[in-house]
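Here's the structure we're looking at; comments come further down.
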Amino acid sequence: MNNQPVPRSLGQGPAPAPAFLSIIQHNCLGSWNVFLSLFESFKEATTYPSIVLLQDPPVNKAHVPSFNGFKSFFPPVRKPRVAAYVHISFLSNYTVLPRFKGVDDVLALDVSSNDPLFGTAFHSFRIINAYSTNTTDHRVHSVLPEVLFLDLGFPLLVLGDLNIHNSLSDPLRHFSQREISSSTPYFEKAAESGFALLNPPGEYTRFPLVGNARPSVIDLAFANPPLLPLVKSWEASLPLTGSDHIPITITLAAPSLSQKPPRPRWADTDWETLDPIVKGFRIPAAPSCPTPPQLDAWMSESLNRLIALLKEHTPVSRPSHHSKPGWTPHLSILRREYHKAARAARKHDTPRTREIAGTSKSGYFKAIKTAKNKHWSSFLLTATPQSLWTAKRFAYGRAHPRFPSLPGAETPQQMNDILLGHFFPPKEPFSPPPRLRPNRSAPP
């Protein structure tokens, strides 16, 4: 393997756009050809990547290959299993601190800036790149879930080739009991810490080079709650590199602050007034012997006229940043009446005004509960593969800690000592009975 830098004509690329952060994830199978093919494909990408995270990179003499325009980071071991490449222009604007766990298969990058990142209040975020492989015990992988899914107060992205199979990432696959027992701890820990799976369920990330194995979803990416609003896309749009894993692009961007356009409220359409108008609607005459473009234009014109007619008799919503899912005009009326009754009760403190205020309050909050239940049922009925993970987090919430907290115990060993000392206290030291000596002065 050649460990020399790639010529400048190959590695040079445009500087990453500051409003977006493009992150590439890929398993190179230890191949220099795959590595070079991946970096060559960036020329055809719509957004030049800022960070490239590799699993099983090519290694020569305890070093990974260099590529012009990028700075490499990898664990200081004989054969690193993970590596990170950060674009030079990104390093000139942000501070990147690599964190090594003392192992060859986990690498963390802390990215920080003096200014808030992506329009949020956070000045830093972390990326964990892992390559988890099977061990002699099939239930335990080389990278434990406690190392990946940390409870941090700032954005955290966890990704890598985790080599685990689960129904949440691949719902159509038939799983063995061994695969379920090895993957469950990871997804349970992710759910307990509030992480969301970024992979679209069922979209394969590995296509084996041999014909007797099935495609699978093992290159996974998770985002914690602070990072999730910043995730714009997860896609596999780069060309193949010769590896049995596909390159994955994750794009982070600032949340959109622009107000959404008004949407028609089709459920409130005035169908009684619209019914005779729709029956009298006439489609424009079709052209004789039309060409495909003419037929397409005629269909589009007819459809647009019908949609415009429907919108004339349909109210529109005015979405804002304060809009709540499932909110209805009826709830707005009840809220207005509730506040009106509450003000009257405060101004004229009489039994009658207090009774009216209590009745208004009870009816208002009961209507909110009914609307929430209706919206939740509608959300479940229209759930897509991308929203299943969100529905699971909403349904189960954050799990309680599995281990109780004991005063004075901060580690499992201290907790073990306290429990053993409480239920099995040490016995008092045994003292033998005093030896009786004959009293010669005693009478016979």
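Only the coordinates and a few stated rules stand behind these numbers; no lab work does. Predicted model only: the values in this text are computed from it and were never measured. Neighbour counts run over all protein chains shown; Cβ positions are idealised from the backbone, glycine included.
Relative intensity of segment 269-312 on a log10 scale, I(q)/I(0) at q = 0.14, 0.27 Å⁻¹, equals -0.41, -0.93, per a Debye sum over C-alpha point scatterers of equal strength in the absence of solvent. Considering only Cα atoms, the convex hull volume of segment 85-220 works out to 144 Å³ per residue.
Pairs with C-alpha atoms separated by more than 31 Å, drawn from the list K232/K340; K232/K366; K79/K232; K71/K232, are K232/K340; K232/K366; K79/K232. Give me the log10 of I(q) over I(0) for segment 329-396 at q = 0.16, 0.27, 0.28 Å⁻¹, as the Debye formula computes it from C-alpha points; what are the numbers? The calculated log intensity ratios at q = 0.16, 0.27, 0.28 Å⁻¹ are -0.64, -1.06, -1.10.
Distance from the C-alpha centroid of segment 62-82 to that of segment 282-300: 60 Å, rounded to the whole angstrom.
Please state the relative contact order of the chain as a whole percent: Cα pairs under 8 Å, 6+ residues apart?
The value is 11 percent.
Extending 7 Å from Cα along the Cβ direction at L310 and again at S233 yields two label points whose distance is 2.8 nm. Normalised size of segment 209-264, defined as Cα radius of gyration per 2.2 N^0.38 Å with N residues, equals 1.66.
If one computes P(r) from the Cα atoms of the chain, what percent of pairs lie at distances over 27 Å? Roughly 68 percent, once rounded to a whole number. Counting other Cβ atoms within 10 Å as a rough exposure proxy, the listed residues Y364, Y48, Y186 run Y48, Y364, Y186 from fewest neighbours to most. A simple spin-label model places pseudo-atoms 7 Å from Cα toward Cβ; at K427 and L209 they are separated by 6.5 nm. For the pair W266 and S378 in one chain, pulling the backbone fully straight at 0.36 nm per residue adds 38.8 nm over the alpha carbon distance.
Computed over segment 8-253, the percent of Cα pairs more than 31 Å apart is 18.
By the count of neighbouring beta-carbon atoms within 10 Å, fewest first, K340, K324, K189 end up ordered K324, K340, K189. Potential lengthening of the chain between V140 and E301 amounts to 51.9 nm, from the contour at 0.36 nm per residue minus the alpha-carbon distance. Each of the peptides 152-161, 174-183, 118-127 was scored by the mean count of other Cβ atoms within 10 Å over its residues; in descending order, highest first, they stand as 152-161, 118-127, 174-183.
Residues C28, C289, arranged from fewest to most other Cβ atoms within 10 angstrom of their Cβ, appear as C289, C28.
Neighbours of T359 by Cβ distance under 14 Å: Lys/Arg scored +1, Asp/Glu scored -1, total +3.
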